[in-house]
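Read through the structure below, which is laid out as structure tokens, and then see the notes.
The values are calculated or read from the model by the stated rules, or taken from the named source; none is laboratory data. Just so it is clear, the model here is predicted, and its values are computed rather than measured. As a convention, Cβ positions derive from the backbone with ideal geometry for all residues, glycine included, and neighbour counts pool all protein chains shown.
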């Protein structure tokens, strides 16, 4: 395997991507570590922005303290994972920062860099929370053209599905 | 890696799954091939059935032609994959047939067998069909406790991107 794209953010879920390299996948020649800066924070507005508005938002944020804060955060996250991967024996780790909508940027980078596999963490969001704020792994899974591994953290709680409610004990 | 569960539905995804084993994942000791028979066909009713009703449905279908057809299909699909995987030099292959709700049975089997990785195919259904009939890979991805690898076929994802809501707002 040649190239793998690993998308990380500051959530605990991202930590689980490290374990995937332990024994599941063959060691790739090159790993691209990607962090996507969310300019709009956690607001839902992003789904309603077109390309034009998004680039306006990008421009108006350029050079502001907020953007610098995001950059610092991105660097911190990427360094953290880079160190972990290199410690685990992966040689060629390239880092990359993008701005915008995480799932779209991940899919775009995957295409541009021609990767063979995309690895994302699972947020473990459930029910309403997932419905409202969305789930990056789900969107990536849907729009990606290459295989996707959704890594899982160990301490996740058992989810409560809708169907369970129908079961009579 | 020790055990991998591969959920298969139809022979369509053969190439993708084989190429996964060739390039991506490290060779496992054990491969469990699982096919889940959907007793109720593609109807949405299954999501509304509780355990009790599902058992009744299973009982009442036993010995019918419909069930036999399902069994034949299961056997055919599993035999096909087993042959392909074995000729591809993938470790020890075991097959398994379950009945019921695909995503739930996949999760249950994964839990019972203590697998390290679940591999599912991507149905490539469009957004609306997906909302209506559901998508096993998403359900599995959501609730599994071990990593899930979603294999991709040709043209998979294209349709989804075409219809993702945001695109409608893009001014060209």
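For this structure, a couple of remarks:
- Criterion: surrounded by 17 or more Cβ atoms within 10 Å (Cβ to Cβ) and modelled with pLDDT under 85 - qualifying residue of A:102, A:147: A:102
- Residues that are more than 16 Å from residue A:73 (Cβ to Cβ), surrounded by fewer than 21 Cβ atoms within 10 Å (Cβ to Cβ) and at pLDDT 75 or above, drawn from the range A:1-14: A:2, A:3
- Exactly one residue out of B:167, B:75 is more than 18 Å from residue B:20 (Cβ to Cβ) and at pLDDT 75 or above: that is B:75.
- The condition of being more than 24 Å from residue B:142 (Cβ to Cβ) and in a strand (DSSP E or B) holds for only one of A:4, A:31, A:36, that being A:31.
- The test for being in contact with a strand residue (DSSP E or B) (Cβ under 8 Å, 6 or more places away or on another chain), at pLDDT 80 or above and exposed (fewer than 15 other Cβ atoms within 10 Å of the Cβ) holds for residue A:29.
- Within the range B:133-159, being more than 7 Å from chain A (Cβ to nearest Cβ) and either assigned to a loop (DSSP other than H, G, I, E, B) or at pLDDT 80 or above (or both) holds for B:134, B:135, B:140, B:153, B:154, B:155.
- The range B:16-29, subset touching a residue at least 40 places away in the same chain (Cβ under 8 Å) and surrounded by fewer than 17 Cβ atoms within 10 Å (Cβ to Cβ), residue farthest from the other protein chains (Cβ to nearest Cβ): B:29
- For residue A:112, the criteria (1) facing chain B (nearest Cβ under 10 Å); (2) at pLDDT 65 or above hold in every case but one, which is (1).
- Residue within the range A:34-51 that is within 26 Å of residue B:146 (Cα to Cα) and modelled with pLDDT of 90 or more present: yes
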